[in-house]
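One structure is given here, and the rest of the page talks about it.
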Amino acid sequence: MEYTSINQAVIEQVSLTFKALSDPTRIRILHLLFNRECSVTEIAETLDMQQSTISHQLAYLKQLRLVKSRREKNKYYYTIDDYHVMNLLEQTINHAKHTNGGV
């Protein structure tokens, strides 16, 4: 089998994606948004966290195009923007549950 190299831009994007998925707060946010669209307030309440923390993490995820937002009056609602990454996250969650005895 012949080796095919990966260009530097792709390597950087993969690295940034795994970095985004390495943070427990971002994992919780992505998992929640995978299930439903939410406002910052809803995310903060559901995850029992400060809105400022959630907003900061959403900005990071939006920069990487993992989430997207829409504005309705004075509220922003967030949803998943990259289902490839969500499939990776869900597979990893299922793997963790399997290796931890279904926890």
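The values are calculated or read from the model by the stated rules, or taken from the named source; none is laboratory data. Small disclaimer: the values here were computed from a predicted structure and weren't measured. Note that each Cβ is placed from the backbone with ideal geometry, even for glycine, and that neighbours are counted across all protein chains shown. Please note that ligands, DNA and RNA were not included when accessible areas were found on the heavy atoms of the full protein model with its side chains. Shrake-Rupley method; radii C 1.70, N 1.55, O 1.52, S 1.80 Å.
Along region 4-20, what does the Karplus equation 6.51 cos²θ - 1.76 cosθ + 1.60 (θ = phi - 60°) give for ³J(HN,Hα), rounded to whole Hz, x for Gly and Pro?
10, 6, 10, 6, 4, 4, 5, 4, 4, 5, 4, 4, 5, 5, 5, 4, 4
Determine one quarter of the surface area of the Cα convex hull of region 1-54, which equals its mean projected area, and express it in nm² to one decimal. Mind showing how you got there, number by number?
Working: hull surface 22.3 nm².
For region 1-54, averaging the hull's shadow over all directions gives 5.6 nm².
Counting helices only, and only those DSSP H runs with n ≥ 4, report the 222 nm mean residue ellipticity of the chain as the sum of -39,500 (n - 2.57) divided by its residues, in deg cm²/dmol to the nearest 500.
-19500 deg cm²/dmol
On the full set of protein chains, 1.4 Å probe, figure out the accessible area of Arg26 and give it in Å² to the nearest 10.
Number for this one is 30 Å².
Give the accessible area for His31 in Å² (nearest 10); use a 1.4 Å probe, count only protein heavy atoms, and leave out ligands, DNA and RNA.
70
Using +1 on the beta carbon of Lys and Arg, -1 on that of Asp and Glu, and nothing else charged, what's the dipole of the chain about the Cα centre, debye to 20? Don't jump to the answer; show the numbers that get you there.
Working: 12 positive and 11 negative charges, 64 e Å.
Charge dipole, the chain, about its Cα centre: 300 debye, nearest 20.
Ranked by accessible surface with a 1.4 Å probe, highest first, in what order do Ile29, Ile6 come?
Details: Ile29 0, Ile6 100 Å².
So the residues, ranked largest to smallest area, are Ile6, Ile29.
Suppose every K and R has +1 on its Cβ and every D and E has -1 on its Cβ; what is the size of the dipole of region 43-101 about the Cα centre, in Debye to the nearest 20?
Working: 8 positive and 6 negative charges, 59 e Å.
Dipole of region 43-101, to the nearest 20 debye: 280 debye.
For the chain, which whole-number percentage of the solvent-accessible area (1.4 Å probe, protein heavy atoms only) is attributable to carbon and sulfur atoms? Numbers along the way, then the final one.
Working: 3730 of 7320 Å².
Carbon and sulfur: 51 percent of the exposed surface of the chain.
Pull up the cross-link candidates among the lysines for Lys62, meaning alpha carbon to alpha carbon under 24 Å and not fewer than 8 places away within one chain.
Correct list for Lys62: Lys19, Lys73, Lys75.
What are the chymotrypsin sites (Phe, Trp or Tyr not before Pro) within region 1-75 that DSSP puts in a loop, where the Cβ has at most 16 other Cβ atoms within 10 Å?
Numbers: sites: Tyr3, Phe18, Phe34, Tyr60; in loops: Tyr3.
Taking region 1-75 and a limit of 16 other Cβ atoms within 10 Å, the loop chymotrypsin sites (Phe, Trp or Tyr not before Pro) found are Tyr3.
Using only the alpha carbons, work out the radius of gyration and Dmax of the chain in angstrom.
Rg, Dmax (Cα atoms, Å): 15.5, 55.
Considering amide H positions built from the backbone, and no H for Pro or chain starts, which residues 5 or more places from Ser39, or on another chain, come under 5 Å of its amide H?
Here Tyr78 satisfy the definition.
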